Amino acid sequence: MEIKASSFGITGNGADETTKVIDLFNNMPNNAIVDFEGMIVTVYVGVSGSSTGDALPLQNIIRIFDKHHLIIKNGTLKAANPGVSPQKLRYPSTLSIDYCHNLSFENFNFYGRGESFGDSDASAALSFEQRRYFIQQNGGAAVTVVKSKEINFYNCNAYLCGSVGTFYISSSDKIKLTNCYANPASLGYAAYCHDAWAGPNYDNKNVFESFFYNCAAYLTSVTGGSSIYCAKCGVLGEDGGVNIQVIGGTWRDFYANGSDRYLGFAFGATSCKITVSNATVDLCDAVLFSGNTSNNPSIVNASGLVCTRIGRTVVEIDNSSFSSSEVNLTDSVISIVGGRTWPDGPLEQRVTSVVANRKVASLVNVTISSCRIIGASLLAINSMAVYGMLKTTNSFFSLSNKILDSKGWGSSSATVPSNRNQGIIIDSDFNVTSTSDTAPLISWTVPSPQNVYVRTQIDLSGSSISSISSINRNLLDSTALTLVDTLTPPRLLIGAYYRCTNFFQQGMVTMQYVAFMGLANDLTIARFKLPSNIIPMRLVGVLQKIVGGSVTSWSVVALKELVVNDRSTEVDIYIKGTNVPQLTQGDTYKFLELT
């Protein structure tokens with residue numbers, strides 16, 4: 001059957017119609033269609049909010065309770081007198097959906113009252129069941145879904161809220177939003193939030209799934225809201241069992257604030273899981289966030305993102321010392337422009353980066369594959385030692401300063417060697433654009449300032465690194481590589497060099513003959529170019545030339561000096577004997593280090 005809202009006396013004339021809407025929702029039968037006939041219905045006129053107690057008794061809030069198989073469509077519920085409260089107040093959510101299943105909302109708009117009109121966090125000390133009612137009576141969301149399942153929103157919009165988010169999903173499962181839009185118009189709240197604040201779900205299980213198909217959040221003009229900010233983040237999940245999927249959509253205008261500088265991201269998981277694909281992100285502090293507030297792991301998977309005008313970092317890892325964070329980013333194109341760093345903040349927030357890792361003495365695995373990311377100062381920074389792996393494959397990074405600034409990332413033991421899934425594993429191309437910086441491209445310091453020791457491997461074998469500094473830059477200071485089990489240099493270095501260390505087994509370096517430089521006693525001095533800019537560590541070895549099956553060898557007793565030219569690195573080597581067969585300019589030779 002179909003019910004017209006007007007049959008309950010609802011007119012949409014701007015007067016307070018809270019009681020009429022409550023009457024409609026209490027008395028509508030299941031298996032019905034409720035049509036609001038395009039009316040904008042004003043509610044909560046005269047409700048000022050409360051600093052203590054409940055803003056309204058449960059029976060006086062707009063609430064759909066224990067209903068199923070309903071379609072509610074074509075209308076607007078709007079809290080009266082939108083604006084910003086000068087103090088934090090408890091205020092009812094404009095609509096609450098409690099213990100329902102199989103409800104659909106179509107072409108509907110929800111308006112909260114605005115910033116600080118709502119305080120879900122004030123229920124932190126309460127039981128799950130008490131929180132369930134508190135967030136309805138006092139949370140101030142535009143729409144709250146709690147302890148419900150299979151609730152669908154199609155072409156729905158939510159504006160303004162007083163806490164958490166405009167669309168607030170709590171302890172609910174199988175919630176689907178399609179072509180929806182949210183704008184809290186405040187720095188304080190998420191556009192969409194899903195958590196397990198009220199305990200187990202409708203079926204008394206700890207499973208909470210939500211789906212966002214082609215949804216959006218960005219700044220638009222809304223009375224009572226900010227004209228600068230949309231939200232503190234786009235989609236935020238929290239608590240074990242929460243599993244969010246975001247497919248497509250436009251996500252823009254998210255900002256951090258002075259007290260919570262890690263915010264401003266598009267998609268975040270706090271001790272839960274979020275998977276994002278084919279989304280567009282613009283004008284945000286960060287793209288992805290992973291954090292922990294409990295022992296449940298945080299997992300963020302993202303693919304197919306197109307991100308522009310990012311202000312600080314791509315991946316933000318929050319500063320917890322327990323549980324684990326995992327971030328996987330693939331097939332994405334991202335541009336970082338800066339402008340949202342915090343000069344007086346933690347080191348990770350003072351510079352632009354691809355990965356800003358603030359976790360400490362706990363597990364972090366970040367994998368970036370098949371991505372193109374430009375504009376950051378460096379690939380990754382972590383000022384506190386962590387366990388796990390940073391891995392990049394088949395990607396391109398254009399960086400303005402350096403590649404890595406790390407206080408340790410690898411094995412959780414200082415005595416047990418790192419394995420193949422621990423450490424820094426880089427298989428990508430890098431272009432470092434600073435013309436004046438002369439510091440090493442990789443800074444590695446162990447132990448961390450917290451005196452945490454980690455063992456690691458640094459594998460750059462699949463990477464190519466090009467620097468355009470006015471002088472060749474050292475890849476890294478090999479004397480500072482404490483507890484590095486293995487270090488494998490990049491396949492190509494341009495505008496930079498690296499002197500091999502005892503982390504290598506017996507090494508082989510390919511060199512190109514440049515010129516005869518003279519004689520010294522019973523030695524011949526010859527200059528060779530190192531195409532990969534990898535400089536042998538040992539001073540003795542064998543120089544070889546292989547033509548067909550014929551091998552010609554010369555004994556090398558010393559490297560005379562390092563000659564760093566504009567774009568290449570050359571060495572002068574001492575070859576034993578003065579009657580050295582003719583070396584051919586431009587030919588390639590192999591230098592085998594002797595153990």
Q. Can you find even one residue in the stretch 186-193 that is touching a Pro at 6+ places or on another chain (Cβ under 8 Å), in contact (Cβ under 8 Å) with a residue 24 or more places away in the chain and crowded, with 24+ Cβ neighbours inside 10 Å?
A. yes
Q. Any residue in the stretch 308-323 that is open to solvent by 10 Å² or more (accessible area, probe 1.4 Å), modelled with pLDDT of 95 or more and either among the hydrophobic types (A, V, I, L, M, F, W, C) or closer than 25 Å to THR250 by Cβ (or both)?
A. yes
Q: All but one of (1) of a type in the set (Val, Ile, Thr); (2) surrounded by 24 or more Cβ atoms within 10 Å (Cβ to Cβ); (3) not in a strand (DSSP E or B) hold for THR392, so report the exception by its number.
A: (3)
Q | Single residue of the stretch 353-376 satisfying the filter (open to solvent by less than 10 Å² (accessible area, probe 1.4 Å) and among the small types (Gly, Ala, Ser)) that is farthest from GLY423 (Cα to Cα) | A | ALA376
Q. How many residues, within the stretch 5-60, are open to solvent by 20 Å² or more (accessible area, probe 1.4 Å), under 16 Å from LEU77 (Cβ atoms) and part of a strand (DSSP E or B)?
A. 5
**Q.** Selected residue (only one of GLN505, GLN585 is of a type outside the set (Gly, Ala, Ser), at pLDDT 80 or above and open to solvent by 70 Å² or more (accessible area, probe 1.4 Å))
**A.** GLN585
Q. Which residues, counting only those in the stretch 324-345, are surrounded by fewer than 18 Cβ atoms within 10 Å (Cβ to Cβ), outside any strand (DSSP E or B), in contact (Cβ under 8 Å) with a residue 40 or more places away in the chain and not hydrophobic (A, V, I, L, M, F, W, C)?
A. ASP331, GLY345
Q. Does the stretch 387-410 contain any residue that is β-branched (Val, Ile, Thr) and in contact with an Asp or Glu (Cβ under 7 Å, 6 or more places away or on another chain)?
A. yes
Q: Look at the stretch 94-123 and say how many of its residues are open to solvent by less than 10 Å² (accessible area, probe 1.4 Å), in a loop (DSSP other than H, G, I, E, B) and within 16 Å of GLY188 (Cα to Cα).
A: 3
Q | Selection from the stretch 221-247 of residues that are open to solvent by 10 Å² or more (accessible area, probe 1.4 Å) and touching a Cys at 6+ places or on another chain (Cβ under 8 Å) | A | LEU236, GLU238, ASP239, GLY240, GLY241, ASN243
Q. Are any residues in the stretch 61-73 in contact with a Ser or Thr (Cβ under 8 Å, 6 or more places away or on another chain), within 16 Å of MET28 (Cβ to Cβ) and in a loop (DSSP other than H, G, I, E, B), and if so, which ones?
A. ILE62
Q: Could you tell me which numbered condition LEU379 fails, if it satisfies all but one of (1) at pLDDT 95 or above; (2) surrounded by 24 or more Cβ atoms within 10 Å (Cβ to Cβ); (3) more than 15 Å from SER466 (Cα to Cα)?
A: (3)
Q: Return yes when ASN155 is open to solvent by 40 Å² or more (accessible area, probe 1.4 Å) and under 19 Å from PRO184 (Cα atoms) and no when it is not.
A: yes
Q: Return the residue satisfying two criteria in turn: it lies in the stretch 272-292 and is more than 13 Å from the chain's Cα centre (by Cα) and either at pLDDT below 95 or open to solvent by less than 40 Å² (accessible area, probe 1.4 Å) (or both), and of such residues it is nearest to ASN206 (Cα to Cα).
A: CYS272
**Q.** Of residues in the stretch 163-180 being of a type outside the set (Ser, Thr, Tyr) and in contact with a Lys or Arg (Cβ under 6 Å, 6 or more places away or on another chain), the one most open to solvent (accessible area, probe 1.4 Å)
**A.** LYS174
(Q) Quick check on ARG455: is it of a type in the set (D, E, K, R) and under 22 Å from SER383 (Cβ atoms)? (A) yes
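The values are calculated or read from the model by the stated rules, or taken from the named source; none is laboratory data. Remember, predicted model here, so these are calculated numbers, not experimental data. Virtual Cβ from ideal backbone geometry, glycine too; neighbours counted across all protein chains shown. All accessible areas refer to the heavy atoms of the entire protein, side chains included, with ligands and DNA or RNA removed. Shrake-Rupley method; radii C 1.70, N 1.55, O 1.52, S 1.80 Å.
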